[in-house]
Structures are given as structure tokens and as C-alpha cells.
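Asks: Got a structure here, written out as C-alpha cells. Questions coming.
The values are calculated or read from the model by the stated rules, or taken from the named source; none is laboratory data. Everything numeric in this text was worked out from a predicted model, so none of it was measured. Cβ sites come from the backbone with ideal geometry, for glycine too, and all protein chains shown count toward neighbours.
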Amino acid sequence: MLDLFPREAANALDSVRRIAYEQFSTLDAILNRLGKYGLREPQSLDEFQKLATVCHDVTQTLSLYDNAIFKCDFDAFHTALEPANGNVFGVFWSWVSNKVFRDAYNSARKLRRAFALPWQLLVEIDNANGY
């Protein structure tokens, strides 16, 4: 069957080669930059997939927050904002009666690029920390 369409087969192979060259050149450039950031080059596709997931997650977090978010104590934020995990009354009561909650909310809110409710902050910060 391939002999019937040699030109189409040759064009398809050329396209595959061109795409592979372009994509692998980009991938090679990315992998070469990993050392600058203290990361080692992945040794398998599984490691590469995990690294790509981490890079995606960090990019998502940085689209919402200032880079200083990664200098914060995620566990302290989680503990302080935990009352936001319940219901609106819990958030209200914590806001009224819990200075640690207010301070954590205000700190996280200052790091975030746009307004967010306390339970949004809790979810996003937990996601950034890998909870």
C-alpha cells in the first residue's frame, strides 16, 4: 500500500522529521537550562512527566500569587486558614475572634494578584504546597 503513494509517504515522513527536530530542539534547550535552577535532567519519561507537572503547578501558582508565596510557611498558612474550610459562619467567627486567622488571610491576600475569599486562599495555598 505504501508503494502506491510514495510521494505522500515521503511528505509525511518529512513532516514527522521536521516536527520531531523542532520539538526535540526546544525540549533539549529546556533540559539544558535545568542545571541553572539546581534541577537534574530527568532520566526517564516518568521523571520528565513529574517535572512537567511540577513546572505547570508552579506556573499556575505564580499566575495567581507573587513569587514570595514560595518563601512562606505553608503549614502555618494552612493551620491559620483552616477555619475557612468549614462554612461561612466559621469564616465569620474566625475573622471576628481569631487574630491569627485575620493576619494569615491579610498576608495571603497581599501576595495574591486579585481578590479571593478565605476558602479560595486555603485551597490555593494547599495546592501550592502539594496537600
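Asks: Looking at segment 92-109, I want the residues that are outside the structural domain of residue 125 (by TED's automatic domain parsing) and more than 21 Å from residue 65 (Cα to Cα) and have a partner that is in a helix (DSSP H, G or I) and of a type outside the set (Gly, Ala, Ser) with Cβ atoms under 7 Å, at least 6 apart or on another chain. Which pairs are those?
Replies: none
Asks: Kindly establish whether residue 84 is touching a helix residue (DSSP H, G or I) at 6+ places or on another chain (Cβ under 9 Å), within 27 Å of residue 127 (Cα to Cα) and in the same structural domain as residue 114 (by TED's automatic domain parsing).
Replies: Judged against the criteria, residue 84 is a match.
Okay, residues lined up against (1) under 17 Å from residue 61 (Cβ atoms); (2) basic (Lys, Arg); (3) surrounded by 16 or more Cβ atoms within 10 Å (Cβ to Cβ); (4) at pLDDT 90 or above:
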{"site": "83", "(1), (2), (3), (4)": "no, no, yes, no"}
{"site": "89", "(1), (2), (3), (4)": "no, no, no, no"}
{"site": "96", "(1), (2), (3), (4)": "no, no, no, yes"}
{"site": "99", "(1), (2), (3), (4)": "no, yes, no, yes"}
{"site": "102", "(1), (2), (3), (4)": "no, yes, no, yes"}
{"site": "116", "(1), (2), (3), (4)": "yes, no, yes, no"}
{"site": "122", "(1), (2), (3), (4)": "yes, no, yes, no"}
{"site": "127", "(1), (2), (3), (4)": "yes, no, no, no"}
{"site": "131", "(1), (2), (3), (4)": "yes, no, no, no"}
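Asks: I'm checking my understanding of the structure. Among residues of segment 104-114 that are of a type outside the set (D, E, K, R) and loosely packed, with under 14 Cβ neighbours inside 10 Å, which one is nearest to the chain's Cα centre (by Cα)? Full working, then the answer.
Replies: Narrowing segment 104-114 to residues of a type outside the set (D, E, K, R): 104-108, 111, 114.
From what is left, the residues that are loosely packed, with under 14 Cβ neighbours inside 10 Å are 106, 114.
On the way: 106: 23, 114: 17 Å.
Per the stated criteria, the residue is 114.
Asks: Evaluate segment 49-64: report whether one residue or more is touching a strand residue (DSSP E or B) at 6+ places or on another chain (Cβ under 9 Å), under 26 Å from residue 126 (Cα atoms) and not in a loop (DSSP other than H, G, I, E, B).
Replies: Yes - at least one qualifying residue is present in segment 49-64.
Asks: If residue 114 satisfies all but one of (1) in the same structural domain as residue 130 (by TED's automatic domain parsing); (2) assigned to a helix (DSSP H, G or I); (3) of a type outside the set (Phe, Trp, Tyr), what's the number of the condition it fails?
Replies: Residue 114 satisfies all of (1) in the same structural domain as residue 130 (by TED's automatic domain parsing); (2) assigned to a helix (DSSP H, G or I); (3) of a type outside the set (Phe, Trp, Tyr) except (2).
Asks: Just one of 64, 31, 111 is modelled with pLDDT under 90 and not small (Gly, Ala, Ser); which is it?
Replies: 31
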